[in-house]
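Beneath this line is the structure, given in structure tokens, with notes to follow.
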Amino acid sequence: MRFLDACYGRPVDTTPLWIMRQAGRYLPEYRDLRKGNDFMTFCKTPALCTEAALQPMRRYDLDAAILFSDILVAVEAMGVPVEFNPEPRLPRPVRTAADIAALRIPDPLKDMGFVMEAVAKIRAAVPADKALLGFAGAPFTLATYMIEGGGSREFLHAKSLMFNDPTAFRDLLERIADTIAPYLIAQIDAGASAVQLFDTWAGLLSPADFEAFALPAARAVIRRVRREGVPVIYFVNGIAPLVELAAASEADVLGVDFRVRLSDVIARVGSDAVVQGNLDPSLLLGPADLLRERAASIVAEGRAAKGHVFNLGHGITKETPPDNVTVLVDAVHQAGRR
Ligand code: CP3
């Protein structure tokens, strides 16, 4: 399979690609499917999740499907209510050691069985030569949502707990890791061919704090999840100052955002590494010639690594005209031809 071959640095006929947040609001058929369903209910309905995950696969020659769910599903299963409007809001945030001690470690099949049902349904519907990605939020990123109660600019609540009570903060990271590791293993058992850990907010940390908090928590999950033949991708948003540290996560593939040159990342981690990324999602707004040109130069940069999975450097925006994705997929497969 082209996607798995790239993840393990084996020869490929062309560069494989998938697109972070490839299912979702930029697709009119997703907006139709979502009508009348609130987002959390949608995530708990395997038939809807399956349909949403398949929508981009029908339109585009992508090399991998991704489970349709959200990183905050596991947070709700830990006992922290989550609302989407569409930005996430957690009305009862986790702020104290006592709040942390009250969290549950969910059983993946009993408490999130709907996710595994969706994985199995999507796997059955996606062609055998395409991968299916499972995913979870990395411990640090999920901790920031739980503590802040939503998104944030400065993450002062999260950082203040981290600095004032590092023991409690580490306890929280450990409980999240104890939730996420068996959850990802259950996704693999249900049919996921690879898994991605999203560390969307780890780039807000100084390198020293990334090394002290986010990295060991992510690595603990990666060590527990690794299975023969099932690559783990670690995506760190804002990775530029953290590249060497993130490479110590022991992930098979390092996912890279768009604020750094892919060739610099490869020079820093070495040509034995496998990388994923990293087109600025805004290029999908056009013009098509610039999109093709930038995609081709990232594909060319990626050839210096042992393996390269093309992706955006962050999620696709809801303003993206769907036809531009066709332009991108063709450009990558054409530029990557061996
Ligand atoms: O194809 C796919 O990738 C879809 C599956 C998916 C969703 N969320 C669906 C979703 C995945 C992999 C995610 C991951 C996710 N969720 C991340 C990590 C990736 C990243 O962007 O850094 C984060 C930080 C979240 C948290 C989250 N969920 C936010 C900030 C939002 C609000 C706005 C937005 O779309 O970014 C969500 C809601 C959400 N998750 C939507 C979708 C399709 C939109 C909900 C809707 O339909 O109204």
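The values are calculated or read from the model by the stated rules, or taken from the named source; none is laboratory data. Values in this document were obtained by computation on a predicted structure and should not be read as measured data. Cβ atoms come from the backbone with ideal geometry, glycine included; neighbour counts cover every protein chain shown. Only protein heavy atoms, including side chains, enter the accessible area calculation; ligands, DNA and RNA are left aside. Shrake-Rupley method; radii C 1.70, N 1.55, O 1.52, S 1.80 Å.
Being touching a helix residue (DSSP H, G or I) at 6+ places or on another chain (Cβ under 7 Å), over 17 Å from A192 (Cα atoms) and of a type in the set (A, V, I, L, M) narrows it down to one of A77, A98, A52, so name that one.
A77
Taking the range 18-47 only, how many residues are open to solvent by less than 70 Å² (accessible area, probe 1.4 Å), within 20 Å of the chain's Cα centre (by Cα) and either within 13 Å of the ligand (Cβ to nearest atom) or within 16 Å of P322 (Cβ to Cβ) (or both)?
So the answer is 13.
If M78 passes every condition in (1) out of contact with any Leu (no Cβ under 6 Å at 6 or more places or on another chain); (2) under 30 Å from S160 (Cα atoms); (3) of a type outside the set (S, T, Y); (4) more than 10 Å from the ligand (Cβ to nearest atom) but one, which one does it miss?
Condition (1) is where M78 drops out.
What's the number of the only condition in (1) outside any helix (DSSP H, G or I); (2) within 15 Å of the ligand (Cβ to nearest atom); (3) buried (at least 18 other Cβ atoms within 10 Å of the Cβ); (4) not acidic (D, E) that R153 fails to meet?
With (1) outside any helix (DSSP H, G or I); (2) within 15 Å of the ligand (Cβ to nearest atom); (3) buried (at least 18 other Cβ atoms within 10 Å of the Cβ); (4) not acidic (D, E) applied to R153, the lone miss is (3).
Does D32 satisfy the condition of being touching a residue at least 40 places away in the same chain (Cβ under 8 Å) and more than 21 Å from G151 (Cβ to Cβ)?
no
Results for (1) modelled with pLDDT of 95 or more; (2) on the phi > 0 side of the Ramachandran plot; (3) surrounded by 23 or more Cβ atoms within 10 Å (Cβ to Cβ); (4) basic (K, R), shown as yes or no for each residue.
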residue: G277; (1), (2), (3), (4): yes, yes, yes, no
residue: A288; (1), (2), (3), (4): yes, no, no, no
residue: G307; (1), (2), (3), (4): yes, no, yes, no
residue: N311; (1), (2), (3), (4): yes, no, yes, no
residue: P322; (1), (2), (3), (4): yes, no, no, no
residue: V325; (1), (2), (3), (4): yes, no, no, no
residue: H333; (1), (2), (3), (4): yes, no, no, no
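Which numbered condition trips up A52, out of (1) open to solvent by 10 Å² or more (accessible area, probe 1.4 Å); (2) without any contact (Cβ under 8 Å) to a residue 60 or more places away in the chain; (3) of a type outside the set (D, E); (4) within 13 Å of the ligand (Cβ to nearest atom)?
The failed condition is (1).
Does the range 257-271 include one or more residues that are under 28 Å from F169 (Cβ atoms), in contact (Cβ under 8 Å) with a residue 40 or more places away in the chain and in contact with a strand residue (DSSP E or B) (Cβ under 9 Å, 6 or more places away or on another chain)?
yes
Take the range 216-236 and flag every residue that is out of contact with any strand residue (DSSP E or B) (no Cβ under 7 Å at 6 or more places or on another chain) and part of a loop (DSSP other than H, G, I, E, B).
Listed by number, the residues that qualify are E228, G229.
Going by what's in this entry, would M162 be described as within 16 Å of V75 (Cα to Cα), among the aliphatic types (A, V, I, L, M) and in contact (Cβ under 8 Å) with a residue 40 or more places away in the chain?
no
With away from the ligand (no atom under 14 Å from the Cβ), among the acidic types (D, E) and closer than 18 Å to D70 by Cβ as the only criterion, which of D171, D111 stands out?
D111
Using the structure shown, decide if R89 is within 14 Å of the ligand (Cβ to nearest atom), open to solvent by 20 Å² or more (accessible area, probe 1.4 Å), in contact with a strand residue (DSSP E or B) (Cβ under 8 Å, 6 or more places away or on another chain) and charged (D, E, K, R).
Yes.
Which one of these does F213 not meet: (1) among the aromatic types (F, W, Y); (2) within 16 Å of the ligand (Cβ to nearest atom); (3) open to solvent by 10 Å² or more (accessible area, probe 1.4 Å); (4) not in a strand (DSSP E or B)?
Answer for F213: the failing condition is (2).
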